[in-house]
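Notes for the one structure printed next.
The values are calculated or read from the model by the stated rules, or taken from the named source; none is laboratory data. Source: prediction; values computed, not measured. Cβ coordinates were reconstructed from backbone atoms using ideal geometry, including for glycine residues, and neighbour counts include every protein chain displayed.
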Amino acid sequence: MLAELIQMLAEGRVEVVDLTQPLSERTPVIRLPEPFVNTPGFTLEELSRYDERGPAWYWNTIHAGEHVGTHFDAPVHWVTGREGEDTARVPARRLIGPAAVLDKSAECAADPDFLLEVDHVLAWEGSHGPLPAGGWLLYRTGWDARAADQAAYLNADESGPHTPGISPECARWLAEETPILGLGVETVGTDAGAAHSFDPPFPCHAHLLGAGKYGLTQLANLARLPPTGAVVVAAPLPIEGGSGSPARVLALVER
Ligand code: 23J
Ligand code: MN
């Protein structure tokens, strides 16, 4: 079987789609309101570059919050999951799984505060079958097109950020009544921009991480995935005690 996979990769019958946004000083980061502390973004600090500090080599120190760019949320990130897994304790087996891709990009273009409801997911299941056990629900909103521009990506005004997300009831249902492994999104976090005002606040974080499930954020190229059949490899760094990690996220897609 793996020999066949290698053959299919070589012939382009299995395509590798990179779901990861590039990391740089321009990578957008979430902005929380006062009085909460905010995360630093991503920066490189040069150690040497073929110079007196290291004549034949170039290398850097990376500086970044755990939750910068395309990244993984571990259960312990949220207070509801405080007894759960940290990033290093997530079993490698769970980092490869099927994907269900739900596209609400048209709705989100018309309404940046669009929220996914249980009925939307049930309608998707009516067309495509049940959500995959041990797999990701990947929620396409079209927000990846904004990821090069922090202002457009966060889409904030006087009333706060306006980015699409998931309703509190749908977040609870996904966490407790579906067999998914986690939720992947194109936005800066798994929750909607307005989710600070929801009950509970940040319901995707509260319900999914509280149920031992995972989050993936700032994904790219979900438009290149079929509704079912893709295999996702999500690779956070095994940071001991960590609450999350920038991740390389890849999808295998049969063409
Ligand atoms: C901390 C507080 C609130 C949120 C977040 C982080 C994230 O979205 C995240 O990256 O986990 S909403
Ligand atoms: Mn996060």
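Check Val16, Val68, Val29 and return the single one that is β-branched (Val, Ile, Thr) and more than 15 Å from the chain's Cα centre (by Cα).
Exactly one residue qualifies, and that residue is Val16.
Looking only at residues in the stretch 40-98 that are without any contact (Cβ under 8 Å) to a residue 40 or more places away in the chain and small (Gly, Ala, Ser), which one is nearest to Pro236 (Cα to Cα)?
Ala92
May I ask you to say which residue of Pro22, Pro28 is in contact with a helix residue (DSSP H, G or I) (Cβ under 6 Å, 6 or more places away or on another chain) and modelled with pLDDT of 95 or more?
Result: Pro28 is the single residue among Pro22, Pro28 that is in contact with a helix residue (DSSP H, G or I) (Cβ under 6 Å, 6 or more places away or on another chain) and modelled with pLDDT of 95 or more.
What's the total number of residues in the stretch 231-255 that are assigned to a loop (DSSP other than H, G, I, E, B) and within 16 Å of ligand 2 (Cβ to nearest atom)?
Residues in the stretch 231-255 being assigned to a loop (DSSP other than H, G, I, E, B) and within 16 Å of ligand 2 (Cβ to nearest atom): 5 in total.
Against the definition (surrounded by fewer than 19 Cβ atoms within 10 Å (Cβ to Cβ) and of a type in the set (Ser, Thr, Tyr)), how does Tyr58 come out, yes or no?
So Tyr58 passes the test.
Filter the stretch 207-233 for residues that are crowded, with 23+ Cβ neighbours inside 10 Å and within 15 Å of ligand 1 (Cβ to nearest atom) and give the result.
Answer for the stretch 207-233, where residues must be crowded, with 23+ Cβ neighbours inside 10 Å and within 15 Å of ligand 1 (Cβ to nearest atom): His207, Leu208, Leu209, Lys213, Tyr214, Gly215, Leu216, Thr217, Gln218, Leu219.
The rows are residues; the columns are (1) crowded, with 17+ Cβ neighbours inside 10 Å; (2) within 15 Å of ligand 2 (Cβ to nearest atom).
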site: Arg49; (1), (2): no, no
site: His71; (1), (2): yes, yes
site: Gly84; (1), (2): yes, yes
site: Pro98; (1), (2): yes, no
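Could you identify the single residue in Ala211, Ala230, Ala234 that is touching a Leu at 6+ places or on another chain (Cβ under 6 Å) and not acidic (Asp, Glu)?
The unique qualifying residue is Ala234.
Could you list, in sequence order, the residues of the stretch 14-60 that are part of a strand (DSSP E or B) and either in contact with a Leu (Cβ under 8 Å, 6 or more places away or on another chain) or within 28 Å of Val231 (Cβ to Cβ) (or both)?
Of all residues in the stretch 14-60, those part of a strand (DSSP E or B) come to 14-18, 20, 43-51, 54-60.
Selection gives Val14, Glu15, Val16, Val17, Asp18, Thr20, Gly54, Trp59, Asn60.
Only one residue in Val76, Val118, Val101, Val90 is at pLDDT 95 or above and closer than 21 Å to Arg224 by Cα. Which one?
Working: Val76 fails: closer than 21 Å to Arg224 by Cα; Val118 fails: closer than 21 Å to Arg224 by Cα; Val90 fails: closer than 21 Å to Arg224 by Cα.
So the residue among Val76, Val118, Val101, Val90 that is at pLDDT 95 or above and closer than 21 Å to Arg224 by Cα is Val101.
Output the residues belonging to the stretch 66-124 that are within 16 Å of ligand 1 (Cβ to nearest atom), within 21 Å of Ala251 (Cα to Cα) and of a type in the set (Asp, Glu).
Asp73, the sole residue that qualifies.
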